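Asker: Below is the structure I would like to discuss, written out as structure tokens.
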Amino acid sequence: MPHATTPDGVKLYYEQAGSGTPILFVHEYCGDWRSWEPQMRFFSRRHRCITYSFRGYPLSDVPEEPAMYGQRHAVDDAGHMLDHLGIARAHVVGLSQGAFATAHFARTYPDRAMSLTLAGIGSGAGPEGHEQFKKDALATSARIRSEGMAAYAEGLATNPTRSRFRLKDPRGFDEFVKHLSEHSDIGAANTMAEYQGKRPSLYDFEAAWQALDLPILIICGDEDEPCLQPSLYLKRTLPNAGLTLFAKTGHAVNLEEPDAFNREVSNFIALAEAGKWLPGQPMAPGTSLI
């Protein structure tokens, strides 16, 4: 099985397909390398596509030490994956936890990204609810340690940001829950506590976002309530970002609406590569529309 080994000795499982300009897919907390299968099949027709699992996730190593987890590890591991594959720059596509890692990867290593797609980004990132989100993450980590990932996965069936997926695509949702239930209790609990429970707010980096001059596509489902305002904030803050909303769609937008997701990202990448994804004209406060 193919693995990339990080400088601190963690083996990250990955798969790749296709040839052409590279795309690195970075999964959400409830996903793993398998979460991007609809995108791997579609984009590998024209691109070199890479999907991998975070440390602590299926087929990657599962360190027991909590200090081996966290947002900075996730950011650096994306770079280690590109290094292992000999890729200098790539389009980077992230969902949720993976979108946080993607945004901070570009902030930290702006010369490594050709473009960013940030899908389902911002849950718990707003200044009002950020501290409570971190407390909830620590409580969830403790619950995973005591009850296990199978119980956590089954609980997502009633989560408002996931329920639309279950209604639209029961078979796909069942597969999603099955994959999630297979995750390591230790890896999931450590990730929840050390990444979700300790990550800073997106709003703490406003000056850095304003300076990040990359083509960026933000995607959000209109029923992914925790991500709506953060997505709009990033659209207004990042100088070359566009925002797409999917109607009647929840959090896992790439699985829930794969055709629409692929179409939007494909168009975005084509425009970015052609140099035609350009900043809009910002409106000054109080500017009249007429």
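Asker: Could you pull out every one of the lysines with an alpha carbon less than 21 Å from that of LYS198, ignoring same-chain neighbours closer than 8 positions?
Answerer: Within reach: LYS134, LYS135.
Asker: Sum -39500 (n - 2.57) across every DSSP H segment of at least 4 residues in the chain, then divide by the residue count to get the 222 nm mean residue ellipticity, nearest 500.
Answerer: -12500 deg cm²/dmol
Asker: Still on this structure, please answer the following. For the chain, go through all pairs of different Cα atoms, get the mean of 1/r, take its inverse, and jot down that Kirkwood value in Å.
Answerer: For the chain, inverting the mean 1/r across all distinct Cα pairs yields 19.1 Å.
Asker: DSSP loop (so not H, G, I, E, B), at most 13 other Cβ within 10 Å: list which trypsin sites (Lys or Arg not before Pro) in the stretch 25-75 pass both filters.
Answerer: Qualifying residues, ordered by number: ARG45.
Asker: Right, here's the next one. Please compute, over every Cα-Cα pair in the stretch 152-290, the percentage with a separation greater than 21 angstrom.
Answerer: 57 percent
Asker: Alpha carbon centre of the stretch 108-185 versus the stretch 18-53: separation in Å?
Answerer: 19 Å
Asker: Next question, about the same structure. Can you find, among PRO2, LEU243, GLY70, the residue sitting farthest towards the positive end of the charge dipole of the chain, where Lys and Arg contribute +1 and Asp and Glu -1 at Cβ?
Answerer: Value computed over the given set: LEU243.
Asker: Can you find, among SER146, GLY126, ASN262, the residue sitting farthest towards the positive end of the charge dipole of the chain, where Lys and Arg contribute +1 and Asp and Glu -1 at Cβ?
Answerer: Most positive-ward Cα: ASN262.
Asker: Hey, another quick one. When a/c is below 1.5 the answer is rounded, else prolate if a/b is larger than b/c, else oblate, so apply that to the stretch 1-127 with a ≥ b ≥ c taken from the square roots of the Cα gyration tensor eigenvalues.
Answerer: rounded
Read the figures in this text as sums done on the coordinates, not as results from a lab. Computed from a predicted structure; not experimentally measured. Cβ: placed from backbone, ideal geometry, glycine included. Neighbour counts: every protein chain shown.
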